[in-house]
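Worksheet: one structure, shown below.
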Amino acid sequence: MLDLISNEGVTVEAQRLEDSPLAVRGLTVSYGQKPAVFSVDMTVQPGAMTAIIGPNGAGKSTLLKAALGIVSPLSGQVIVFGQPLDKQRARIAYVPQRASVDWDFPTRVIDVILMGLSRELGLLGRVRARHKACAMDCLNRVGMRDFADRQIGQLSGGQQQRVFLARALAQGADLYLLDEPFAGVDAATEKAIIAVLKSLKDAGKTVVVVHHDLATVTDYFDHVFLINTRKVAEGPVSEAFTAETLQSAYGGRLATAQIDQISRALG
Amino acid sequence: MIWDALTLQLGYNATLVAIGATLLGVSAGVTGTFLFLRKRALVSDAISHATLPGVCLAFMVLVALGGDGRNLLGLLAGSAISAWVGLLCMNWLTRRTRLAEDAAIGAILSVFFGFGIVLLTIIQTMGVGRQAGLEGFLLGSTAGMLWADAMIIAIGGAATLLLVLILRRPMTLVAFDPEYAAARGLPIHRIDLAMMGLVMAVTVVGLKIVGLILIVALLIIPAVTARFWSERSEHVVLLAGLAGGLAGYIGAAISASAPNLPTGPIIVLVSFAFFVLSLFCAPKRGVLAAVLRHLRFQRRVHIRQGLLALAQGQKIYEPLTLRLLRRAGLVRPDGVATDTGKARAGKALRDEKRWEIVRGDQAHEATAALYDGMRDIETVMTHDQIAEIDRQIGGPQGVPA
């Protein structure tokens, strides 16, 4: 929290590239001729939980994927902990969308968690007792310890999501990027995930989540990043998550009733 | 005769072929599994057909240099080069154009194969007179296999297996979750290319025995066969190696046991026999097991619903339910519950209440996931846990514990 200077009760945002766990400058990503993300600057605040929100097709997931180098940007740069992405990859853990993999793949829950340890295991290293213990500990944190030996095809959607989170935990990273972790999961899973994310934040880690449920933003997150191809707003929830910014991000796509409801919730 | 063949007592050539086919089967099975897991099994078909122009061009070059033109190493080197060119073309088409992979496979496969056939025809009219044998690369020909040929297969197969061992973790990760692998910084395209390079190596090595048209069967069938038997990718890989090796060995033996039986096609048929056996007989994923499981499940559902109806004093009209209950001695022929029936019905109702608690409690999540509507609760929980749940339900509620 060194970078957040408290000054008479007003927190000052970390603005410099070097102070941010993930800073993106002038990022443009395009599939074909139509940009999905256009000239976006983002400065993630250290030790905070940030939600990336915006309408469908606004480039939320693309922004995350470009920041991780999964899709290659047309232009722009990504700085992670003050250095180029490739030098700091070991400090990043990514939780992809659940639907991005085939759950009929022949593998057990514990094997998926061990994938998170691939850096420690190397190419030929044997899976030892301490690796298994670490994997079991991560499963325990998401309440899935008893599922270790089950085939992944037997899991419910919420359980699949928690397995993915446990795999990210196994990496022991400092920055966690999650793509729609609450999409289509049960309430118990949502509670379990948010508890784990809060514990990460309490341990000083940085969490960035692509999020779609506007109703829970104020409960779960400290910061928001609103995007609709271009950046709409960025900052603490109390400042950047307002009726005006939402209106401008969602345009006509958000019913006025929804906006009213949210602004009432915001007080 | 077949016994002599299986025990390698049919002479020098038959023994060489059997050993070579076994090694080829193992390395094709193991390598093909990764292609199968990555859902790119058909890529192998394009790669194998793309070897033909290379074989022909290498032959022409060897003859032009004044050689015999049948140097296996030279021909295989040529086939590897043209397969690699085909692979790169296909990769480029899928990554840089809007063509889907299946279209790219079709294009590369047919164009390279067509070009190869043209070259083959030209060679036949060249009047060199020594070209006999090149057609053998289409379907394999083992008749004149030499010690050196077997060595090439052995060394190539062993090198492939070693590389698979080294690359197995990244290849599995990329096959399961390519986005996550990319986020970890794995060079996905290079790993894919390495995987396809290994497939190419197996193809080239296998040209002599099974030929380029059928090698795809040896790469894919063992993998799908193995998948029936295991839910763990490491085991699928090993089982595929085993299935491929056995098919190679038995197939070579069968073809050696009678005159004029082609080795490659017989190996493929043996491999297919393993596949059919697995398709029907595999314990979990097999067709028979699935049918039996379904019938058993249906029977249990009927009995359970019958018991619950009895416990709540409802009349049962469904004839199958009545028949099953009668056969199990739970109701009398007139539809009234027997003493055992009453006891089982009470237990069923009690278990329903217990399951309700278990399923509503996040602490029991792993147990709740096993709920199928009729499992006896004591098979998944300890007596202490059940006692605790009964305390929560409270009182006997007219239901015997």
Those residues of region B:1-51 which are aromatic (Phe, Trp, Tyr) and within 30 Å of B:Met195 (Cβ to Cβ), in sequence order: B:Phe34, B:Phe36
Odd one out for B:Val118 among (1) surrounded by fewer than 19 Cβ atoms within 10 Å (Cβ to Cβ); (2) part of a helix (DSSP H, G or I); (3) within 14 Å of chain A (Cβ to nearest Cβ); (4) free of Cβ contacts under 8 Å to residues at least 24 places away in the same chain: (3)
Residue satisfying all of: in region A:21-35; in contact (Cβ under 8 Å) with a residue 60 or more places away in the chain and farther than 15 Å from A:Val210 by Cα; surrounded by the fewest Cβ atoms within 10 Å (Cβ to Cβ) among these: A:Pro35
Selection from region B:175-193 of residues that are within 12 Å of another protein chain (Cβ to nearest Cβ) and in contact (Cβ under 8 Å) with a residue 24 or more places away in the chain: B:Ala175, B:Phe176, B:His189, B:Ile191
Test for A:Ser118: is it within 10 Å of chain B (Cβ to nearest Cβ) and in contact with an Asp or Glu (Cβ under 8 Å, 6 or more places away or on another chain): no
Residue that is nearest to A:Ser199 (Cα to Cα) [pool: residues in region A:141-165 that are more than 12 Å from every other protein chain (Cβ to nearest Cβ) and surrounded by fewer than 22 Cβ atoms within 10 Å (Cβ to Cβ)]: A:Arg141
Selection from region A:89-110 of residues that are surrounded by fewer than 16 Cβ atoms within 10 Å (Cβ to Cβ) and assigned to a helix (DSSP H, G or I): A:Ala90, A:Ala99, A:Ser100
Qualifying residue in region B:10-19 (condition: in the same structural domain as B:Ala158 (by TED's automatic domain parsing), surrounded by fewer than 19 Cβ atoms within 10 Å (Cβ to Cβ), among the hydroxyl-bearing types (Ser, Thr, Tyr) and not in a helix (DSSP H, G or I)): no
In region A:56-73, residue nearest to the other protein chains (Cβ to nearest Cβ) [restricted to those that are assigned to a loop (DSSP other than H, G, I, E, B), more than 17 Å from A:Gln171 (Cβ to Cβ) and aliphatic (A, V, I, L, M)]: A:Val71
Any hit, region A:74-87, residues being facing chain B (nearest Cβ under 7 Å), surrounded by fewer than 19 Cβ atoms within 10 Å (Cβ to Cβ) and charged (D, E, K, R): yes
Test set (1) in contact (Cβ under 8 Å) with a residue 40 or more places away in the chain; (2) of a type in the set (A, V, I, L, M, F, W, C); (3) closer than 30 Å to A:Arg145 by Cβ; (4) surrounded by fewer than 16 Cβ atoms within 10 Å (Cβ to Cβ) - B:Met374 fails condition number: (4)
Selection count where residues are outside any helix (DSSP H, G or I) and either in contact with a strand residue (DSSP E or B) (Cβ under 8 Å, 6 or more places away or on another chain) or without any contact (Cβ under 8 Å) to a residue 60 or more places away in the chain (or both), scope region B:194-229: 2
Residue ID - surrounded by the fewest Cβ atoms within 10 Å (Cβ to Cβ), chosen from residues in region A:182-199 that are among the hydrophobic types (A, V, I, L, M, F, W, C) and in contact with a Phe, Trp or Tyr (Cβ under 8 Å, 6 or more places away or on another chain): A:Ile194
Out of A:Ala168, A:Ala192, sole residue that is within 12 Å of chain B (Cβ to nearest Cβ), in a helix (DSSP H, G or I), under 24 Å from B:Glu365 (Cβ atoms) and under 13 Å from the mean Cα position of the chain (by Cα): A:Ala168
Residues of region B:51-67 satisfying the condition of being buried (at least 24 other Cβ atoms within 10 Å of the Cβ) and under 24 Å from B:Ile105 (Cα atoms): B:Thr51, B:Leu52, B:Pro53, B:Gly54, B:Val55, B:Cys56
Which listed residue, of A:Arg89, A:Arg108, A:Arg98, A:Arg141, is touching a residue at least 12 places away in the same chain (Cβ under 8 Å), under 16 Å from B:Tyr180 (Cβ atoms), among the charged types (D, E, K, R) and touching a helix residue (DSSP H, G or I) at 6+ places or on another chain (Cβ under 9 Å): A:Arg98
Residue, surrounded by the most Cβ atoms within 10 Å (Cβ to Cβ), within region A:111-138, restricted to residues that are without any contact (Cβ under 8 Å) to a residue 24 or more places away in the chain and of a type in the set (A, V, I, L, M, F, W, C): A:Leu121
Of the criteria (1) crowded, with 21+ Cβ neighbours inside 10 Å; (2) without any contact (Cβ under 8 Å) to a residue 60 or more places away in the chain, which one B:Met151 fails: (1)
Complete set of residues in region A:200-235 that are surrounded by fewer than 21 Cβ atoms within 10 Å (Cβ to Cβ), of a type in the set (Ser, Thr, Tyr) and touching a residue at least 40 places away in the same chain (Cβ under 8 Å): A:Thr218, A:Tyr220
Residue within region A:108-115 that is facing chain B (nearest Cβ under 8 Å) and either in contact with a Leu (Cβ under 6 Å, 6 or more places away or on another chain) or within 20 Å of A:Ala187 (Cα to Cα) (or both) present: yes
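The values are calculated or read from the model by the stated rules, or taken from the named source; none is laboratory data. Since the model is a prediction, treat every value here as computed from it, not as a measurement. With ideal geometry, Cβ positions are generated from the backbone for all residues, glycine too; neighbour counts draw on all protein chains shown.
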